[in-house]
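The values are calculated or read from the model by the stated rules, or taken from the named source; none is laboratory data. Values in this document were obtained by computation on a predicted structure and should not be read as measured data. Every residue, glycine as well, gets a Cβ built from its backbone with ideal geometry; the counts of neighbours run over all protein chains shown. When the accessible area is computed, the model is the full protein with side chains, heavy atoms only, and any ligands, DNA or RNA have been set aside. Shrake-Rupley method; radii C 1.70, N 1.55, O 1.52, S 1.80 Å.
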Amino acid sequence: MIEADLAVVDAAELVTVAGPAPRVGAALRDIGIIERGCVAARDGRVVFVGDERAYRNQVRLTRRGTELDATGRTVLPGFVDPHTHLPFAGSRDDEFLRRLRGESYESIAAGGGGILSTVEATRRASIEELVDLGKRRLDRMILHGTTTVEAKSGYGLRLDDELKQLRTLQRLQDLHPIDIVPTFLGAHVVPREMRHDRPGYVREVIERMIPEIAREGLARFCDVFVEEGAFTPEEGERILSAAAAHGLGARLHADQRRDSGGASLAARLGASSADHLDHVTNEGIRVLRDGGTVAVLLPGASFFLRDRHEAPARAIIEAGVPVALGTDFNPGTCPTEAMTAILPLAVLRLGMEPAEAIAAATLNAAHSLGISARVGSLEVGKEADLQVLDIPNHRHLVYHFGVNHCRTVVKQGRVVVEDGVLSPIEP
Ligand code: NIG
Ligand code: FE
């Protein structure tokens, strides 16, 4: 008999997403559904996945063990959100209104708003304020089924404030059950005080920020916003090469507003991910496939910017490039913490199938962060990160959109959301 201390039993659909990572091409929609499915865990790890009969024959609960009945419900792996700008202060709802009245994201940014206005607010905030804001955002994420999140700095744009953002993430990791993968995005834009000295800012990122952040172990990845008005591919290459020399993996904001050569750069550097890709070319898609880089699509950003142009998701999938989905949670282009807001956009605007969107939001997202051996699917030996949704099958996640179906969340074998309510967090 297999001993378990937690079991979720009799799900109408247990969506395991079991199998090789990353999931590409036609296999992206193969999400390993088990009807009347059960999953059991011990000491935070999955020890059994199978149907009701096998469960009854093979699994015994320990004396203190808990069995959660998922009859009529759907169980999924916890979402892995591979792209957020979590630690920031302030709001840009005023700019949102200006955009609704006809101004563009770019013209607002050129006038000193946009990213730079969030930089001002974030520089003014104390680390305690950022931790408090971050905690409330992580709470909203976990209530919507996210159990692992990547989080970028990039609203400090000078050493002390970038460190403040990354230390905020470190503190949040100690007080919240969500796993946080930190990314240094010092090259988000050139800060106002250095607008006449771009080379000087790039040097600052390379010579001071990256070494210090690496020395303190504050980031696992480095990201660069390669775009007109931000950084050129050449600058991106120098920054990401310096980061690699300090042991940081590479991610890129690539081809978001126009084809900026971002996909080719990502592939050339062997980056873990190229993100956005709304304007990626066929050539860009081809090199991404050859480079093994994950395409992290962020349809919430183009939706929120009212950009009719979308990432060519079908062409990317059919070319065999691994596709992941993320929120891009940030105050300017996508202020939602919920992956459940993104999946319907991926399906209805990018043309992905619900099953493809689920694999992209779990296993492939984990792969882009280098952690798919540990999270992203429900398989024996992996961490028991899962969500129980009050829906009869996985399609309802996007079909019955705009409401939160997530009732229970388990993180590393511990029930952290019960009946849609966050459990008090033990230190
Ligand atoms: O991913 N593209 C650059 N960065 C963010 C937007 C940041 C902001 O507007 O504050 C993005 O869309
Ligand atoms: Fe982003």
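Structure notes:
- Note on surface exposure: T62, T16 rank T62, T16 by accessible area, highest first, 1.4 Å probe.
- 0 to 90° range, to nearest 10: angle between helix 127-143 axis and the chain longest Cα axis: 40
- Fully extended contour minus Cα-Cα distance, from R140 to E283, at 0.36 nm per residue: 47.6 nm
- Dividing the radius of gyration of the alpha carbons in the range 90-225 by their Kirkwood radius gives 0.99 for Rg/Rh.
- Between E129 and D290, the modelled labels are 4.9 nm apart [label points 7 Å from Cα along Cα→Cβ].
- Set of lysines with alpha-carbon distance to K152 below 19 Å, sequence-local pairs under 8 removed: K135, K164
- Zone residues, the range 282-311, relative to S91, backbone N less than 12 Å from point 7 Å out along Cα-to-Cβ: none
- Residues R314 and H400, FRET efficiency given R0 of 22 Å [Cβ-Cβ distance, rounded to 0.05]: 0.40
- The chain - mean residue ellipticity at 222 nm from DSSP helices (-39,500 (n - 2.57) per run, n ≥ 4, rounded to 500): -9500 deg cm²/dmol
- Projected area, mean over directions - the range 287-332, Cα convex hull, nm²: 3.5
- Percent carbon-and-sulfur accessible area, the range 1-152, ignoring ligands, DNA and RNA, probe 1.4 Å: 49
- Each Lys and Arg Cβ is given +1 and each Asp and Glu Cβ -1; about its Cα centre, the chain then shows a dipole of about 200 debye.
- Per residue, the average separation of C-alpha pairs within less than 8 Å and at least 6 apart gives the range 140-262 a relative contact order of 23 percent.
- One Cα centroid belongs to the range 291-355, the other to the range 143-188; the line between them spans 21 Å.
- Potential extension, R56-D307 segment - 0.36 nm per residue separation minus Cα distance: 85.2 nm
- Solvent-accessible area per residue, Å², over the chain with all protein chains present [probe radius 1.4 Å]: 39
- Estimated inter-spin distance, D30 and R64, nm [label 7 Å along Cα→Cβ]: 4.0
- Summary of the geometry: the range 246-274 and the range 1-70, compared by the centres of their Cα atoms, lie 36 Å apart.
- Cβ-Cβ FRET estimate between R101 and D419, R0 fixed at 30 Å, reported to 0.05: 0.10
- Amide H partners (placed H, <5 Å) of A230, local residues excluded: none
- When the alpha carbon coordinates of the chain are projected onto the principal axes, the ranges are 70, 45, 45 Å, largest first.
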